[in-house]
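Undergrad: This is the structure I want to talk about, given as structure tokens.
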Amino acid sequence: MSSPAESSNLMEALVSLAKRRGFIYQSSEIYGGLNGFFDYGPLGVELKRNIRDCWWRDMVQRRDDIVGIETSIIMHPKVWEASGHVAGFTDPLVDCKASKQRYRADQLFFAPVVVDGKTIGYVSALENEKTTEDLQTAADSLKRKKAVQGALEPVKPRDFTEATEAEIPLIPSPATGEPGSLTAPRSFNMMFQTNVGAMSDASSVAYLRPETAQGMFVDFKNVVDTNRVKLPFGIAQIGKSFRNEITPRNFIFRSREFEQMEMEYFIHPDADWLACHEEWLKWCQDWLKSIGLPESHLSLHEHPKEKLAFYSRRTVDIMFKYPFGVQELWGIAARSDYDLQQHQKFSGVPQTYFDEAAKARVVPHVIEPAVGVDRIFLAVLAAAYAVEDVKDEKGNVEQRTVLRLSPRLAPCKVAVLPLLKNKEQLTGRAKALYTKLRKRYAVQYDDGGAIGKRYRRQDEAGTPWCVTIDFDTIEKPGDTFTLRERDSMQQRRITEAELFQLLEEYVY
Ligand code: GAP
């Protein structure tokens, strides 16, 4: 277990590396940034693309039962009425009238401060990995401030959705520390609204999609009618989603514009949905491990029956141990036939599949694995990041920062380094190798600075291999290069054919 201080240091180090090396920037930074929006820089865009490509290859191209689609971000507004988002895609919002701050009620915690069985006031704190400790400390200082004698009881935190009408005026705002300014929670719809066309009236209102999933449901009939798909089969999509989150936080973990990779797996209504749900749960965990996330950081959270979305028969989240705590990475939901039934009802178009065996039309049920690309990105970065002591060529101990990214995900697969910049024979051979490699792989050519420095630069970018073109390459028979491995830092000689073999094996 890492301490809260270590965790926040790790998060700071990740944010700083992400900026310094061009993985992630704050959106519109020169204007002060826009909360909940991010840009991906040159290394980040490659890493993100590799996450998407790996998923697409494994989920769609390497399977016979899943097809891909890409649907529009703005859909007919009726879609969101049918799906239930217009009425119910809300979070409980609390305003602080004094500071104008807004909070999600379920992330704002409070507790009565009880001394010798008597409540002397209330304390509040925003959810974090040590909320209870924060509340206890605040309770202790309130007791001292009020100079009350007696035994302080341990705090019993509740979230603001549980506050009674009588308690709300007594709970201090986290912004001002004073009671009396927090409003009762109200429902806040998280969909971004826009207008389609020249008119800005009620008839032109549309929404930026808050999930990609509805695209698959709305195109279900199109896919069935134009492809030779047979139940069970899946429709997958990768694309941007938008949610006007009340409190975007933890860097790219919870943002307002993010990318989802979702797959709707349609099964016969009589199929064993629980077994299918278990299969997808396993598939998703195996996939996360295959891209390098350590098993020790993964866990499962079964949604309790009373907290399930009303259409869900079962939802299990794959959780990841982020530096700021264990949080949801991937949700796997058994959505029954809710969505297709709703679209059938709202559109008047049957959303059915012809069951040849029974000679009857059925509305399939759905198992849905839904994950955010940005959440995988952050998990991958956190798991790959390490700072370690190493010895330089002279035996001096120095620190290196390394990203131990899986070769499938690494933004650059190989860096080609001529030992010297001004030796034509070395640079010529290096450029020939670089040109050949880059036809198939993302590679870099780097001839700037001492070789040790160049290795460190690549370590920080997560490049799994460096090849150095040195004097042995040009003077000795065999045309071999020095291959330097990122993780072990070991070096060995390798031929061009062996290098391509290595890449073929690890970059797939
Ligand atoms: N179609 C179902 C659906 O959208 P969800 O649990 O709301 O379910 C699925 O979202 C996944 O999308 C989450 O598990 C998470 O990985 C990602 N996600 C959701 N909200 C996000 C946000 N504000 N920022 C980044 N990723 C988010």
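The values are calculated or read from the model by the stated rules, or taken from the named source; none is laboratory data. Note that the structure is predicted; figures quoted are calculated from it, not measured. Cβ: placed from backbone, ideal geometry, glycine included. Neighbour counts: every protein chain shown.
Undergrad: Given the criteria closer than 25 Å to residue 247 by Cα and either surrounded by fewer than 19 Cβ atoms within 10 Å (Cβ to Cβ) or of a type in the set (Lys, Arg) (or both), does residue 130 qualify? Walk me through how you get there before you give the answer.
TA: Values: closer than 25 Å to residue 247 by Cα: yes; either surrounded by fewer than 19 Cβ atoms within 10 Å (Cβ to Cβ) or of a type in the set (Lys, Arg) (or both): yes.
Judged against the criteria, residue 130 is a match.
Undergrad: Among the residues of segment 266-285, is there at least one that is assigned to a strand (DSSP E or B) and either in contact with a Phe, Trp or Tyr (Cβ under 6 Å, 6 or more places away or on another chain) or closer than 12 Å to residue 367 by Cβ (or both)?
TA: Within segment 266-285 (the criterion being assigned to a strand (DSSP E or B) and either in contact with a Phe, Trp or Tyr (Cβ under 6 Å, 6 or more places away or on another chain) or closer than 12 Å to residue 367 by Cβ (or both)), the answer is yes, since at least one residue qualifies.
Undergrad: In this structure, does residue 329 turn out to be within 12 Å of the ligand (Cβ to nearest atom), part of a strand (DSSP E or B) and either on the phi < 0 side of the Ramachandran plot or surrounded by fewer than 20 Cβ atoms within 10 Å (Cβ to Cβ) (or both)? Spell out how you get there, then give the answer.
TA: Working: within 12 Å of the ligand (Cβ to nearest atom): yes; part of a strand (DSSP E or B): yes; either on the phi < 0 side of the Ramachandran plot or surrounded by fewer than 20 Cβ atoms within 10 Å (Cβ to Cβ) (or both): yes.
Yes.
Undergrad: Something else about it: Kindly provide the set of residues from segment 412-434 that are touching a Ser or Thr at 6+ places or on another chain (Cβ under 8 Å) and closer than 27 Å to residue 41 by Cβ, ordered by number.
TA: 412, 413, 414, 415, 417, 418, 421, listed by residue number.
Undergrad: Any chance segment 413-421 includes a residue that's among the β-branched types (Val, Ile, Thr) and either under 22 Å from the mean Cα position of the chain (by Cα) or surrounded by fewer than 19 Cβ atoms within 10 Å (Cβ to Cβ) (or both)?
TA: So the first thing to find is which residues in segment 413-421 are among the β-branched types (Val, Ile, Thr), and the list is 414, 416.
After this cut, where a residue has to be either under 22 Å from the mean Cα position of the chain (by Cα) or surrounded by fewer than 19 Cβ atoms within 10 Å (Cβ to Cβ) (or both) as well, the list is none.
Checked segment 413-421: no residue is among the β-branched types (Val, Ile, Thr) and either under 22 Å from the mean Cα position of the chain (by Cα) or surrounded by fewer than 19 Cβ atoms within 10 Å (Cβ to Cβ) (or both).
Undergrad: From the set of residues in segment 258-292 that are within 16 Å of the ligand (Cβ to nearest atom) and of a type in the set (D, E, K, R), which is surrounded by the most Cβ atoms within 10 Å (Cβ to Cβ)?
TA: Of all residues in segment 258-292, those within 16 Å of the ligand (Cβ to nearest atom) come to 258-266, 277, 280-281, 283-285, 287-288, 291.
Among the residues that remain, those that are also of a type in the set (D, E, K, R) are: 259, 262, 264.
Numbers: 259: 22, 262: 23, 264: 27.
Per the criteria, the residue is 264.
Yes/no matrix, rows are residues, columns are (1) in contact with a Ser or Thr (Cβ under 7 Å, 6 or more places away or on another chain); (2) of a type in the set (Phe, Trp, Tyr); (3) farther than 29 Å from residue 62 by Cβ:
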residue	(1), (2), (3)
436	no, no, no
443	no, no, no
450	no, no, yes
453	no, no, yes
479	yes, no, yes
487	no, no, no
500	no, yes, no
504	no, no, no
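Undergrad: Is it true that residue 22 is within 16 Å of the ligand (Cβ to nearest atom) and surrounded by 14 or more Cβ atoms within 10 Å (Cβ to Cβ)? Quick ask: steps written out before the conclusion?
TA: On the way: within 16 Å of the ligand (Cβ to nearest atom): no; surrounded by 14 or more Cβ atoms within 10 Å (Cβ to Cβ): yes.
When the stated conditions are applied, residue 22 does not pass them.
Undergrad: If you don't mind, another one. Which of (1) crowded, with 16+ Cβ neighbours inside 10 Å; (2) within 16 Å of the ligand (Cβ to nearest atom) does residue 410 not meet, given it meets every other one?
TA: In the conditions (1) crowded, with 16+ Cβ neighbours inside 10 Å; (2) within 16 Å of the ligand (Cβ to nearest atom), residue 410 misses (2) alone.
Undergrad: Go through segment 236-257 and count every residue that is within 8 Å of the ligand (Cβ to nearest atom), not hydrophobic (A, V, I, L, M, F, W, C) and not in a strand (DSSP E or B).
TA: We begin by selecting, within segment 236-257, every residue within 8 Å of the ligand (Cβ to nearest atom); these are 241, 243, 245, 248, 252-256.
From what is left, the residues that are not hydrophobic (A, V, I, L, M, F, W, C) are 241, 243, 245, 248, 254-256.
Narrowing further to those that are not in a strand (DSSP E or B): 243, 245, 248, 255-256.
Counting residues in segment 236-257 that are within 8 Å of the ligand (Cβ to nearest atom), not hydrophobic (A, V, I, L, M, F, W, C) and not in a strand (DSSP E or B) gives 5.
Undergrad: Go through the residues of segment 336-348 one by one and say whether even a single one is under 30 Å from the mean Cα position of the chain (by Cα), surrounded by fewer than 23 Cβ atoms within 10 Å (Cβ to Cβ), more than 12 Å from the ligand (Cβ to nearest atom) and not in a helix (DSSP H, G or I).
TA: The answer is yes; a qualifying residue exists.
Undergrad: Another question, if that's okay. Looking at 299, 312 in this structure, which one is small (Gly, Ala, Ser) and assigned to a strand (DSSP E or B)?
TA: Numbers: 312 fails: assigned to a strand (DSSP E or B).
Every option except 299 fails the conditions.
Undergrad: A further question follows. Any idea which of (1) within 16 Å of the ligand (Cβ to nearest atom); (2) in a strand (DSSP E or B) is the one residue 354 doesn't satisfy?
TA: Only one criterion is unmet by residue 354, namely (1).
Per-residue answers, yes or no, for (1) within 14 Å of the ligand (Cβ to nearest atom); (2) among the polar types (S, T, N, Q); (3) in contact (Cβ under 8 Å) with a residue 60 or more places away in the chain:
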| residue | (1), (2), (3) |
| --- | --- |
| 316 | yes, no, no |
| 382 | no, no, yes |
| 394 | no, no, no |
| 405 | no, no, yes |
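Undergrad: While we're on this one: Out of 152, 182, I need the residue that is among the aliphatic types (A, V, I, L, M) and closer than 14 Å to residue 105 by Cα. Which one? Working first, answer last.
TA: Working: 152 fails: closer than 14 Å to residue 105 by Cα.
Answer to the check: 182.
Undergrad: Given the structure, is residue 374 among the acidic types (Asp, Glu), modelled with pLDDT of 95 or more and touching a helix residue (DSSP H, G or I) at 6+ places or on another chain (Cβ under 9 Å)? First the steps, then the outcome.
TA: Values: among the acidic types (Asp, Glu): yes; modelled with pLDDT of 95 or more: yes; touching a helix residue (DSSP H, G or I) at 6+ places or on another chain (Cβ under 9 Å): yes.
The answer is yes for residue 374.
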